[in-house]
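The values are calculated or read from the model by the stated rules, or taken from the named source; none is laboratory data. None of the values given here were measured: they were computed from a predicted structure. When we count neighbours, we look across all protein chains shown, and the Cβ atoms used for this are built from the backbone with ideal geometry, even at glycine. For accessibility, only protein heavy atoms count, side chains too; no ligands or nucleic acids. Shrake-Rupley method; radii C 1.70, N 1.55, O 1.52, S 1.80 Å.
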Amino acid sequence: MRAIDIEWEGPFAVLYCREEDAYHTPSLPGELEEGAQIYAVYGRHPVYGPNVLLYIGQTQASITGRGVRQRLREHLDGRFWFQKELFIHAGIVSEANISVHDPDLIRGVESLLIAVHLPALNSEYMKGPSSTARELHIVNWGIPGSVMPECSSRYFAGLDND
């Protein structure tokens, strides 16, 4: 098993301005602004209620130039437009205390988190994580919101979801 750590920060409020009819993404602390690779969006869900984990996503700012704030803006223009009381938690992925920038590993981490937590607005990886998540054991540190302290791909052993 590969031991992966995520250091989470948050919550950071996403504010809606009725006059502008627009959401405003939160400012994030320096290293999170462009360095966070995993984010979790929470808000009010019409069925599940307030403070619900709505979505888990990943970003590759060091490769694509799209940090969490940019990625969140893209979501707010579409997927989250009708959601209320939004806030996010953002996390930096590391392995053996070294920040990770491997796109396949980040994708695997995202897929395992989605498969374990089944966020209300994610559609991919709901039956299980991608093959890039094989042999991952994730430990969530800091302030992860309602994300479980640990999750492992061993639960999904034998499933082929790609």
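General observations
- Those strands (runs of 3 or more DSSP E) of segment 1-40 in which 3 or more residues are among the acidic types (Asp, Glu) and at pLDDT 85 or above occupy 2-13.
So that you can scan it fast, the table gives a plain yes or no per residue for (1) more than 25 Å from ALA115 (Cβ to Cβ); (2) touching a Cys at 6+ places or on another chain (Cβ under 6 Å); (3) without any contact (Cβ under 8 Å) to a residue 40 or more places away in the chain:
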residue	(1), (2), (3)
ASP5	no, no, no
TYR23	yes, no, no
GLU33	yes, no, yes
ALA36	no, no, no
ALA40	no, no, no
VAL52	no, no, no
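- Of the criteria (1) at pLDDT below 90; (2) open to solvent by less than 20 Å² (accessible area, probe 1.4 Å); (3) aliphatic (A, V, I, L, M), which one ILE63 fails: (2)
- Qualifying residue in segment 52-59 (condition: farther than 22 Å from MET148 by Cβ, in contact with a helix residue (DSSP H, G or I) (Cβ under 8 Å, 6 or more places away or on another chain) and not in a helix (DSSP H, G or I)): no
Yes or no, residue by residue, for (1) under 19 Å from LEU53 (Cβ atoms); (2) among the hydroxyl-bearing types (Ser, Thr, Tyr); (3) modelled with pLDDT of 90 or more; (4) open to solvent by 30 Å² or more (accessible area, probe 1.4 Å):
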position: TRP81; (1), (2), (3), (4): yes, no, no, yes
position: ASN97; (1), (2), (3), (4): no, no, no, yes
position: VAL109; (1), (2), (3), (4): yes, no, yes, no
position: ALA115; (1), (2), (3), (4): yes, no, yes, no
position: ILE138; (1), (2), (3), (4): yes, no, yes, no
position: PRO144; (1), (2), (3), (4): yes, no, yes, no
position: ARG154; (1), (2), (3), (4): no, no, yes, yes
position: GLY158; (1), (2), (3), (4): no, no, no, yes
position: ASN161; (1), (2), (3), (4): no, no, no, yes
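- Number of the condition not met by ALA90 [criteria: (1) assigned to a loop (DSSP other than H, G, I, E, B); (2) within 18 Å of GLU33 (Cα to Cα); (3) of a type outside the set (S, T, N, Q)]: (1)
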